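> Got a structure for you, written out below as structure tokens; questions coming shortly.
The values are calculated or read from the model by the stated rules, or taken from the named source; none is laboratory data. Bear in mind the structure is a predicted one, so any value in this text is a computation, not a measurement. All Cβ positions, even for glycine, are placed from backbone atoms using ideal geometry, and neighbour counts span all protein chains on display. Heads up: the accessible areas ignore ligands, DNA and RNA and are worked out on the full protein's heavy atoms, side chains in. Shrake-Rupley method; radii C 1.70, N 1.55, O 1.52, S 1.80 Å.
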Amino acid sequence: MSGRLRVARRRRAFPVGNAQAMAREIPGARLLVLEDAATAIPDTAAAAVTEAMLRLG
């Protein structure tokens, strides 16, 4: 079973290091770190998120 994780670098409630550790433990997981994001996905990251989602197909 593979998974996908998305984490925002500025979201302090769930640090990037936690997401990286979780991704290492999930076989086939892919982690997308949104550098300029907090809780919401900024418009500037929409293309990167869309591309990552399409690659899951």
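> Write out, first by first residue and then by second, each pair whose Cβ atoms fall under 8 Å of each other, whose residues are 6+ apart or on separate chains, and whose first residue, in region 29-57, is of a type in the set (S, T, N, Q) while the second is open to solvent by 100 Å² or more (accessible area, probe 1.4 Å).
Listed pairs, sorted by first residue: THR39/ARG11; THR44/ASP36.
> Name the single residue that is modelled with the lowest pLDDT among those in region 1-25 being part of a helix (DSSP H, G or I) and among the aliphatic types (A, V, I, L, M).
VAL16
> Please go through region 26-55 and pick out each residue that is acidic (Asp, Glu) and in a loop (DSSP other than H, G, I, E, B).
Selection gives GLU35, ASP36.
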